[in-house]
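Just so it is clear, none of the values below were taken in a lab; they were calculated from the coordinates. This one's a predicted model, so the numbers in the text were calculated from it and none came from an experiment. Here the Cβ is made from the backbone with ideal geometry for all residues, glycine too, and neighbour counts use every protein chain on show.
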Amino acid sequence: MSDSILEEVFIKRSQQKKKTSPLNFKERLFVLTQDKIAYYDYDYEKGKRKGLKGSVDIEKIKCVETVIPEDNAPPERLFPFQMYLFLPQIIYDEGPLYIFAKSDDVRKQWIHKLRHVVRFNKDLMQKYHPCFWEDGMWKCCQQEVKQAMGCRVLETRNGGFSKGSRRKSRKPLPPLPPQPPKQPKFSEGMTVIAEYDYAPMAPQDLELRKDEEYIILQISDANWFRARDKYGWYCKNINRSQAENLLRTENKDGGFLVRDSGKYTGKYTASVYTKASHGTLGTCRHYNILTNHQDQFYLAEKHYFNSIPELINYHQHNAAGLVSRLKYVVSNRTQNAPSTAGLGYGVWEIDPRQLTFIKELGNGQFGVVKYGKWQGRHDVAIKMIKEGSMSEDDFIEEAKVMMKLRHENLVQLYGVCTKQRPIYIVTEFLSNGCLLTYLRENLQHPSAVQLLEMCKDVSEGMAYLESQQYIHRDLAARNCLVDSNGTIKVTDFGLSRYVLDDEYFSSVGSKFPVRWSPPEVLLYCKFSSKSDIWAFGVLMWEVYTLGRMPYERLNNTEIVDKVSTGYRLYRPQMANDKIYNIMMNCWHEKADERPTFQALVISIQDLLDNLY
Ligand code: ADP
Ligand code: MG
């Protein structure tokens, strides 16, 4: 065992594992050695150490900092300090270790020594929380996620004693190191499986049945979540007109719920909403769930099921005679604000301290994209713009315009963090990720309706952009995202103008989207809503080939040659003539003979109506 460097009796705060567990403070004898800090029970009378209570490896310490004392702290707790520990197996339970020194001098001495011994550790942190984690919240920044990144940058770098060197060079702090990939135990929107039965104890409690699935709606507390069972579509106690009101308020095409047919009938009705098209109002249809002579349930002849959940599950994927497949669960138990509501009126500069980074989603043209929370509650995606990859001032100006674009098939821009580098772009988070990957990996046997619905979603988002005279310039399956309901939303509109990368924005560069570009863009860089239409045709082709690379056997030069002399993509096996016809119309040599997005929406809707 190595020799002790320092020994001291401190008060240690218990780790607050649950919001409701009371905190306690115990005196412990701390012994610092070169590779460990151990703490022992202490016998006051004999002045001797007793049993070992715990220890921390020095190499696991990520940060040593003071803490601002609690309001009305008793005299023995006026000089707290904290150590953040890297303990992957329990990272989600443990906050920092809080220790209280008797005097500021002792605290200084320990912090100084500790920083010295940890100075070569990996993963030293650059940000910390200056106040305590208490009652399920960081007192400094009000974030409710324990693993939330610190909200204050360290005064002195870890390893400390840098006063001299700081005076010499006033270099800004280096960018944050990548966070270790942490898998959150739970996150909102996540499907979880109950480990135990739970009988409701209060009216708002949800009954849990072991092994059944539930969807987390909101993490309100370490122990209590708002959740919906997988039958979230079942609305007890609502009648026909209430159902219609709910469906109309949601105004989602394919919105549905299941309700009791009448008070005492023991029968059920599925109410389905289809959205307005060509100037007609949205309509509600009500289908009684029938039973056949074998007591099986059905909505449409020939499709019989042993249970209602099985029946609903089937019709979530197949309209089979209904006005629409059951696309969106509408429930009277949850009223979520629509994503286009943004994070609040007029907010576009977001305070980065209100962001928590939870996990990395991918890497793009501008750098890393992360999933996180805003104010510890709202799901967001955060693009951390790699320095030198974007012409930032121009983008920041443009962001104000982008913020105003609002449509349910566009990924909503929530705001930006521009007061620091790297700058962040904060957007709506879509849990099923990029459409291209989704087509390649998630869709095994897609139905005709499913594929056409995807195209319709994109065409609606694009028709909106077209109506705002906004050109996308890089429409492709890789720039669409899929939400938890399977709805497609278009993203990255207009962003390509701010890319600083010669390979990208020159039409002869290797990253230029040649495969999605019409002749007039390839030859004269002439972008318009009509060049977006061409790209849309290619995107439809990607959908119907489940994510193949367009012109896979040709290189970029060959594509430019062939496309400008009339060569076109072949008809994918899954696309019938009518669908291929739509694609081919998008690929008219002459830009003004291509349809508008508004016209495309109508053609696609007509095809869909014939499929139902
Ligand atoms: P860039 O546009 O900077 O090239 P991308 O937008 O392609 O970067 O992002 C990289 C990856 O991150 C995407 O492929 C996707 O998987 C993921 N991603 C990006 N934005 C979101 C989002 N809003 N929601 C969910 N995943 C996202
Ligand atoms: Mg992109």
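Between ILE602 and TYR44, what is 0.36 nm times their sequence separation minus the Cα-Cα distance? Round to one decimal in nm.
My answer for the length gained is 192.5 nm.
Using the average count of surrounding beta-carbon atoms within 10 Å as a protection proxy, the listed peptides 534-547, 312-325, 567-580 rank, highest first, as 534-547, 312-325, 567-580. Evaluating 6.51 cos²θ - 1.76 cosθ + 1.60 at θ = phi - 60° for every residue in region 3-11, the Karplus couplings come out as 5, 6, 8, 9, 9, 6, 8, 10, 9 Hz, glycine and proline recorded as x. Placing pseudo-labels 7 Å out from each Cα toward the beta carbon at MET584 and ASP394 gives an inter-label distance of 3.9 nm. Note on ASN485 and ASN363: the model spin-label points, each 7 Å out from Cα along the C-beta direction, lie 3.5 nm apart. On the beta carbon distance between GLN468 and THR557, with R0 = 22 Å, the FRET formula returns roughly 0.05. Compute the Cα gyration tensor for region 519-612, then decide on rounded, prolate or oblate, letting a ≥ b ≥ c be the square roots of its eigenvalues: rounded whenever a/c is under 1.5, prolate when a/b is larger than b/c in the other cases, and oblate in all that remain. Taking the square roots of the gyration eigenvalues as a ≥ b ≥ c, region 519-612 is oblate. For the peptides 302-310, 232-240, residues were scored by their other Cβ atoms within 10 Å and the scores averaged per peptide; the highest-first order is 232-240, 302-310. When a/c reaches 1.5 or more, the comparison of a/b and b/c decides; with that in mind, is region 451-577 rounded, prolate or oblate per its Cα gyration tensor? Oblate, since a/c reaches 1.5 and b/c is not below a/b.
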